Amino acid sequence: DAKTTQPNSMESNEEEPVHLPCNHSTISGTDYIHWYRQLPSQGPEYVIHGLTSNVNNRMASLAIAEDRKSSTLILHRATLRDAAVYYCILRDGGKLIFGQGTELSVKP
Amino acid sequence: DTGVSQDPRHKITKRGQNVTFRCDPISEHNRLYWYRQTLGQGPEFLTYFQNEAQLEKSRLLSDRFSAERPKGSFSTLEIQRTEQGDSAMYLCASSSFRDEEKLFFGSGTQLSVL
């Protein structure tokens, strides 16, 4: 079973920042927090991952709470191409277990 | 490198037939994963390999499903005696030992069982 909880859907306006929340209250000390996204008719795509510190890459930023029981994926300026299902995932042994994710819609 | 490749993209079969899917991972990626996804759901883990060794198989996976990765490169997923409930998108992913946290997914094989 997925170990994370996310809202089913969120809406954003184009060129505005988006904050996608995720709760993972049962996280262990060595679990990385992963984010993937899935565009329509495509396989999931890696976005970012982190352990304790906040992380930035060209796609997004990941803000991790001090107690690590929650995290937020930040898209700094949403574009129409960012409309996708975003998955927050913890590793379970050697594999990633996906939940249902958050469906992000972006309005022009 | 063109990424993870899956073949075929679409497969339509009749109930009771056997089907086989192929996945070619990114070159030199030692881990290979199979997932299944139905409409409106997140991908469901099926099994994964490290090189040619199958390290884990989902306990939810029927005995009709078998996967191989004989030379530690490409992998095949076979479903015997297909059922309508097997209709789904079958996704393959690979990762490198240098960065196991980052999986690269293919576009999937869409299976329809009539």
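Test each condition in (1) away from chain B (no Cβ under 11 Å); (2) in contact with a Gly (Cβ under 8 Å, 6 or more places away or on another chain) for A:S105 and report the one that comes out false.
Of the numbered conditions (1) away from chain B (no Cβ under 11 Å); (2) in contact with a Gly (Cβ under 8 Å, 6 or more places away or on another chain), the odd one out for A:S105 is (2).
Please pick out the residue among B:R69, B:R98, B:R81 that is free of Cβ contacts under 8 Å to residues at least 12 places away in the same chain and away from every other protein chain (no Cβ under 12 Å).
Testing whether each residue is free of Cβ contacts under 8 Å to residues at least 12 places away in the same chain and away from every other protein chain (no Cβ under 12 Å) leaves just B:R98.
Consider A:E11 against the criteria (1) within 14 Å of chain B (Cβ to nearest Cβ); (2) surrounded by fewer than 15 Cβ atoms within 10 Å (Cβ to Cβ); (3) in a strand (DSSP E or B): it satisfies all of them except one. Which criterion is unmet?
The one condition A:E11 does not meet is (1).
Restricting attention to region A:20-79, report how many residues are surrounded by 13 or more Cβ atoms within 10 Å (Cβ to Cβ), of a type in the set (V, I, T) and more than 14 Å from chain B (Cβ to nearest Cβ).
So the answer is 4.
Strands (runs of 3 or more DSSP E) wholly in region A:58-108 with at least 3 residues that are not basic (K, R) - which ones?
Because the criterion is at least 3 residues that are not basic (K, R), the strands (runs of 3 or more DSSP E) in region A:58-108 that meet it are A:61-64, A:70-75, A:84-92, A:102-107.
Could you grab me the full set of residues in region A:1-42 that are at pLDDT 95 or above and of a type in the set (V, I, T)?
Matches in region A:1-42: A:V18 only.
Determine whether A:L96 is within 14 Å of chain B (Cβ to nearest Cβ), closer than 30 Å to B:R59 by Cβ and buried (at least 16 other Cβ atoms within 10 Å of the Cβ).
In short, yes.
The values are calculated or read from the model by the stated rules, or taken from the named source; none is laboratory data. Since the structure is predicted, the reported quantities are computational estimates derived from the model, not experimental observations. Cβ atoms come from the backbone with ideal geometry, glycine included; neighbour counts cover every protein chain shown.
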